[in-house]
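Presented below is the structure to which this report refers.
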Amino acid sequence: MPSASIPGCSTPFPVPATVQADPDDRRYDRYAQIVKCFRDEDLRADRQPEFTQIDVEMSFIDRDDIFLMMEGLMARVFRDVLGEEIRTPSRG
């Protein structure tokens, strides 16, 4: 990825890779992880240097798979963090 602060240089594109760390481990065709990230390139006043993102990797999916995965993730976050059970549209 080209560096915005150092002309002519580039930096590796940062990819959250907790599960991706072992390329020989093919047990999962899909996963989601919540990852803390640090923006070490091109800091600006309108960008915070640290942020949290949801990283989703899925193979051979359709629209319904995305909804099921994200609804399940949100239900799990509500349960684990807030102690609240929520009903999702796809799972009732």
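Read-outs: derived from the displayed coordinates by stated rules, not from any lab. The model shown is predicted, which means the values in this text are computed figures rather than measured ones. Here the Cβ positions follow ideal geometry from the backbone for every residue, glycine too, while neighbour counts run over all protein chains shown.
Our estimate of slack between Glu50 and Asp64, defined as 0.36 nm per intervening residue step minus the Cα-Cα distance, is 1.9 nm. A simple spin-label model places the labels of Leu82 and Glu41 3.5 nm from each other, with each point 7 Å out along Cα-to-Cβ.
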